[in-house]
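The values are calculated or read from the model by the stated rules, or taken from the named source; none is laboratory data. Everything numeric here is computed off the predicted structure, so don't read it as measured data. So basically every Cβ, Gly included, is an ideal-geometry build from the backbone, and we count neighbours across all protein chains shown. Heavy atoms of the whole protein, side chains included, go into the accessibility calculation; ligands, DNA and RNA do not. Shrake-Rupley method; radii C 1.70, N 1.55, O 1.52, S 1.80 Å.
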Amino acid sequence: MPEPIVGKVTEIGLPKPSVTFYKQEDTPLVLTLTSIDKAKRELVYRIKAKTNLSQYRKKNYDAVERTYGEFERLHTYLLNAYPECIIPMLPRQPDECGSPDKNLRLIKNALQNFLGRLAAHPILCQDSELQSFIETDFVYKPTSRVNPIKVNRFRTKVKDTSNGEKDPLDSEYTALVALENNLQNSSKILTKLSRTRKNWSNSEVEIASKLTSFAASEVTSPMSRPLRRLGEYFSKSSELNVVQTDHQSALLGFFFDNYIKNAKYIQLLLLNRINVKAEYDTSVKTSEKRRQAIVVMKASGSIKTEKVNQAVEDLEEAKQFETYKRALHNKIDKNLRSEIEIYETTKVYDFLSCFNTYARKQLEIEKQKLQLWESMLNELTQ
C-alpha cells in the first residue's frame with residue numbers, strides 16, 4: 001500500500017488530519033477547515049487557504065466563509081465537469097445525521113477530508129471554480145456551465161472482452177455494485193441493532209424504576225439500600241448504552257451512507273466511460289461509411305461535383321468528430337485507471353480508520369460498564 005500523504009492538522013483539534021495518496025512532491029494548494037460558526041441561521045464553515053498557484057490573487061486566504069449549500073454547488077459542478085476524475089466525497093448535511101452538536105466533530109473531520117483531498121488532487125486543485133470558491137467575497141455560485149453526466153444503468157452493459165476476461169475497470173464496476181449492496185444490507189442491520197439497543201436501554205430504565213419503588217417499600221429492611229443502589233446502577237448502565245448506540249449510529253451510519261453514495265457515483269463514471277467508448281466506436285463506423293461513399297462515387301460513371309464536395313465535407317466533419325471522441329475516451333479511460341487505484345487505497349484506509357475509531361470508543365464504553373458493575377460488586381461484598 002502506498003504511504004499516505006498527511007495534510008496539515010487543523011487548529012480545531014480534529015481526530016485525524018486529512019490523508020491523501022496522490023504522489024506529489026509539493027502540494028500547490030492547502031485547504032484547512034478552522035472552525036464552524038453555529039450562531040447564524042445556518043452553519044458557516046471557516047476555511048484557510050494557502051497556495052503557490054500563479055492564477056490566485058494572493059498566497060494566503062485566512063477568512064473564507066462558506067455554507068453547506070456553497071460546498072454542494074462546487075461539488076455538483078466538479079462531479080459533472082470531470083468525468084475522468086473521482087471527486088472526493090462531500091459528507092451529507094449535519095441535520096441529516098442527528099444532533100449537529102453531537103456530530104460536530106464527525107462533520108468537521110469529514111469536511112476536512114473533503115477539502116484536503118480536493119486540494120491535493122493534481123487536476124482538481126487547478127480548477128477555476130475552486131479558485132472562485134476560495135476568492136469570491138460574495139455567495140459562491142458556479143459561473144461555468146457543464147452538462148450533467150447522464151447514464152442509463154439498464155441500457156449500458158458491462159461486457160466481457162473477446163477472450164472472456166473483463167477489463168479491470170469493468171471488474172471494478174462489479175466490485176462497486178457488490179460494495180453498495182453489502183453496505184446497504186449492513187446499514188439495515190445496523191438500524192435493527194440500534195433499535196434493539198434502545199429497547200434494551202429503555203428496559204434498564206424500567207427495571208431501575210421498579211427497583212427504586214421496591215426499595216422504598218422495604219425501607220425498614222436491610223434489602224432497601226442494595227435495591228436502591230442496584231436501581232441506580234441500572235440507570236447509569238442505561239445512560240452508557242444510549243451513548244454507545246448514538247456513537248454507533250453516528251459513526252458507522254454516517255460512514256456507510258457516504259460510501260454508498262460514493263459507490264453509486266463511481267459506478268456512474270465507469271458506465272459513462274463505456275458510453276463514451278460506444279460513441280467513439282460509432283464515430284469510427286460513421287467515418288468509414290462516408291469514406292466508402294466517396295469510393296463508390298469515384299467508381300461511378302457520372303460524378304457530380306456538388307455531391308463529391310458535400311461528401312468530402314461530410315467525411316472531414318466525421319473525422320473531426322471521431323478525433324474528438326477518441327481524445328475524450330483516451331483521457332477518461334487513462335485517468336480513471338489511476339484514479340481507481342488511488343480510490344482503492346483510500347477506501348481501505350478510510351474503512352480501517354473508521355473501524356479503529358469505532359472499536360476504541362466501544363471499548364472505552366465497555367470499560368466504563370465494567371467499572372460500574374465492579375463498583376456494585378464491591379458494595380455488596382463490604
How much length would be gained if the chain were fully extended between Ala178 and Leu104, taking 0.36 nm per residue of separation minus their Cα-Cα distance, in nm to one decimal? 23.6 nm
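Measuring with a 1.4 Å probe in the full set of protein chains, what accessible area per residue, in whole Å², belongs to the chain?
Solvent-accessible surface per residue comes out at 57 Å².
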The range 277-382, relative contact order [Cα under 8 Å, separation at least 6], %: 30
Magnitude of the Cβ-charge dipole (Lys and Arg +1, Asp and Glu -1) of the chain about the Cα centre, nearest 20 debye, reported as 520
At R0 = 35 Å, how high is the FRET efficiency between Asn185 and Arg57 if r is their beta carbon distance? Nearest 0.05 is fine. 0.10
Set Lys and Arg Cβ to +1 and Asp and Glu Cβ to -1, take the dipole of the chain about its Cα centre, and tell me which of Thr286, Gln131, Ala39 lies farthest positive. Thr286
What length, rounded to one decimal in nm, is gained on full extension from Ser300 through to Asn147, with 0.36 nm per residue of separation minus their alpha-carbon distance? 50.7 nm
Calculated FRET value between Lys264 and Ser203, using beta carbons and R₀ = 56 Å, to 0.05: 0.90
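Using a 10 Å cut-off on Cβ atoms, rank the peptides 258-270, 360-372 from the highest mean neighbour count down.
Peptide ranking by packing, descending: 258-270, 360-372.
How much net charge surrounds Met89 when only the other residues with a Cβ under 11 Å from the Cβ of Met89 are counted, with Lys and Arg +1 and Asp and Glu -1?
Once all neighbours under 11 Å are counted, the net charge is +2.
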Under 17 Å from a point 7 Å along the Cα-to-Cβ line of Phe214: which residues of the range 346-376 have their amide N that close? 376
If you line up the long axis of helix 224-248 against the longest principal axis of the chain, both from Cα atoms, how many degrees apart are they, to the nearest 10? 10
In whole angstrom, how long is each semi-axis of the equivalent ellipsoid of the chain, when you take the square root of 5 times every eigenvalue of its Cα gyration tensor and sort them from largest down? 58, 26, 17
Within-14-Å neighbourhood charge of His75 [Cβ basis; K, R +1; D, E -1]: +2
Could you state how much accessible area Ser235 has, in square angstrom rounded to the nearest 10, with a 1.4 Å probe and all protein chains kept in place? 50
Which distance in nm do the two modelled labels at Leu363 and Gln292 give, with both placed 7 Å along the Cα-to-Cβ direction? 6.9
Output the relative contact order of the chain, whole-number percent, from Cα pairs under 8 angstrom with separation of 6+ residues. 17
Can you give me the distance in nm between label points at Lys23 and Val308, each placed 7 Å from the Cα along the Cα-to-Cβ direction? 5.5
Would you calculate, for the chain, the mean residue ellipticity at 222 nm contributed by helices, counting each DSSP H stretch of 4 or more residues as -39,500 (n - 2.57) and dividing by all residues, to the nearest 500? -22500 deg cm²/dmol
